[in-house]
Structure formats: C-alpha cells, structure tokens
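Working notes, beginning with the structure itself.
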Amino acid sequence: MKREILKIDEDKCNGCGLCIPNCHEGALQIIDGKARLISDLMCDGLGACIGHCPEGAMEIEVREAEPVTAAAAKGHQASGGCGGGAGHDHQKAGASSFPMGGGCPGSMSRSFAPPASSAGGNNTAGFGTAQNSAAQNGTAQNSAAAAGGSIQSHLAQWPVQMHLINPRASHFAGSDLLLAADCVAYAAGNFHNEYLKGKTLAIACPKLDSNREVYLDKLVSLVRDAKINTLTVMKMEVPCCSGIEQMAVAAVKKAGRKVPVKSITLGIRGDVIDDRWL
C-alpha cells in the first residue's frame with residue numbers, strides 16, 4: 001500500500017540522535033553514525049521527529065510501505081530497543097505532550113539521591129550569596145582534588161539537555177531550576193558546589209541549538225505545570241548567550257505565574273560579571 005512514511009537524507013544527517021527520543025514508535029536508531037528507519041512497520045508517518053532534526057535531513061514522503069503496526073513497535077520496545085519501554089503507548093488518550101524516555105534509553109527521565117554530604121540541605125543554596133567570591137569558594141574543591149580527592153557531583157536528575165527533558169517529570173515539581181548555557185559548567189570551576197547543589201538542571205545553547213520554540217514551551221510548562229520554585233539563569237558574557245535569559249523571561253510571562261528569576265553572567269574565565277534578580 002502507499003502511505004506517508006519517513007525519509008532520511010543520509011548526506012545531511014550528522015548522527016546527533018536528537019530525533020530518536022521524539023520517535024514515539026521507537027522506529028529510529030543511530031547505525032554507522034546515521035539515523036536510520038529500522039522498519040517500515042514501525043513508522044506511522046506522523047513526523048514528530050522531523051522538527052528535532054537540526055540539519056533538515058528528514059521529511060515525509062508517500063511510497064509503497066507495509067501498514068504500520070503497534071505490535072511491531074511494542075515488540076521492539078519490549079526487547080530493549082530504542083523505544084519508550086515495554087507497553088509504553090504514546091497514543092493513549094491524555095498522554096503527555098512531552099513523552100518521557102520516548103526514544104533512546106539514555107533519554108529516560110530519572111532522579112538521583114543527593115550526595116550524603118548535602119542530604120537535608122537547602123534547595124535554595126546559592127541564592128542571595130555573594131557570587132562574586134566564586135574563585136574563593138572553589139578553593140576547597142581545588143585543594144581536595146590536589147590532595148587526590150574527588151569533587152562530588154550534585155547532578156540530581158537525567159537528562160539535562162532541553163530537547164530531552166520532560167518538564168512533567170516528578171523531579172522538576174516544586175524544584176529550584178538552574179537553566180545554564182552549555183559553556184557555563186566549563187567556565188565555572190565551582191559549578192557543582194556553588195550553583196548546581198540542591199537544584200534541578202536544564203542546559204541549552206541559545207546560539208547553536210535549533211527549534212528553540214520547543215525550549216520556550218518546555219520552560220512555560222516548568223513554570224506553570226511543574227510549579228518550579230525559583231529559576232536561575234546562568235549565561236556567558238558573550239552577546240549570543242543573552243538569548244537564554246530572554247527565553248526564560250518570556251516563558252515566565254507566558255506561563256502567567258510569578259516565579260523569582262535570577263540572572264548570573266560569567267566572564268569567559270569563569271569570573272562573575274553580573275548577579276541580580278530580574
């Protein structure tokens with residue numbers, strides 16, 4: 001029969017994998033560095049994955065193909081393929097518009113227990129502190145590392161990239177959210193202890209990421225539906241990074257719910273240039 005089905009331009013595909021979590025039927029895999037449709041039987045032709053391809057390598061075409069079957073998709077998912085897990089049905093009435101783990105297992109939402117040293121800590125850690133002493137606050141960490149110790153990770157959930165997070169995941173509910181530009185964690189030597197501790201995390205690049213309207217929708221849901229407690233935006237001093245703050249402010253306004261928003265700007269060497277409530 002002739003029907004709508006996905007077509008992938010392998011010359012354009014860079015193998016980034018952003019399409020995979022957004023294929024509700026688990027019909028895509030990265031094979032030999034390219035996204036590939038593993039079975040016509042699993043592609044419903046909906047095209048939910050297309051908008052997540054930064055290279056424009058995907059389109060819907062009409063061609064001869066076997067009818068799509070839910071059994072094929074569920075069978076692949078149950079066998080451990082890149083699907084949403086056994087029996088996961090995104091077509092169910094009332095299903096979230098932000099599917100959790102709807103593709104590669106690496107995108108499955110999960111929460112981590114806080115480190116023992118921070119158990120019972122304050123979720124608002126870092127708010128109202130003198131961020132301009134960032135270099136001094138990192139001294140203890142650097143000393144520990146020099147003495148052969150390790151710096152404790154304070155990452156509380158996975159995934160963290162904005163295209164992959166599900167704003168309705170339980171770990172975001174009532175949390176203090178840190179929205180950080182991709183480069184921030186590399187510039188700030190004390191990122192985990194000073195900024196991430198006690199918070200959930202989402203990362204994005206306002207210059208290079210595509211389909212940023214998806215980011216706006218997810219931030220709106222985090223503010224309105226997850227009812228995050230506070231929102232901290234961390235960005236670099238370079239002009240192209242300002243978009244992440246603008247996006248956060250627009251999301252709060254669109255959500256129609258007041259949430260304290262803090263903006264922290266780092267210099268390219270990790271020093272704090274600006275630290276203020278918006």
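All of the numbers you see were taken from the coordinates with simple rules; none came from a lab. Because the structure is a prediction, the values reported are computed rather than measured. As a convention, Cβ positions derive from the backbone with ideal geometry for all residues, glycine included, and neighbour counts pool all protein chains shown.
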At Asp32 and Glu66, where each label point lies 7 Å from the Cα along Cα→Cβ, what is the point-to-point distance in nanometres?
2.2 nm
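Which loop-located trypsin sites (Lys or Arg not before Pro) does the range 150-219 contain, where loop means any DSSP state but H, G, I, E or B and the Cβ has at most 16 other Cβ atoms within 10 Å?
Qualifying residues, ordered by number: Lys207.
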Need the list of aspartates and glutamates near Lys12 for cross-linking: C-alpha distance under 18 angstrom, and skip anything on the same chain fewer than eight residues off.
Asp32, Glu55, Glu59, Glu61, Asp209
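How far, in nm, would the chain grow between Lys12 and Lys253 when pulled straight, counting 0.36 nm per residue and subtracting the alpha carbon separation?
83.1 nm
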Only loop residues by DSSP count here, and only those with at most 15 other Cβ atoms within 10 Å; note down the trypsin sites (Lys or Arg not before Pro) in the range 1-56 that meet that.
Lys12
Cβ-based exposure ranking for Lys253, Lys262, in which fewest neighbours within 10 Å come first:
Lys253, Lys262
Extended-chain gain in nm, criterion 0.36 nm per residue less alpha-carbon gap, Ser150 and Asp274:
41.7 nm
The residues Ile31, Ile38, Ile228, sorted from fewest to most surrounding Cβ atoms within 10 Å, come out as Ile31, Ile38, Ile228
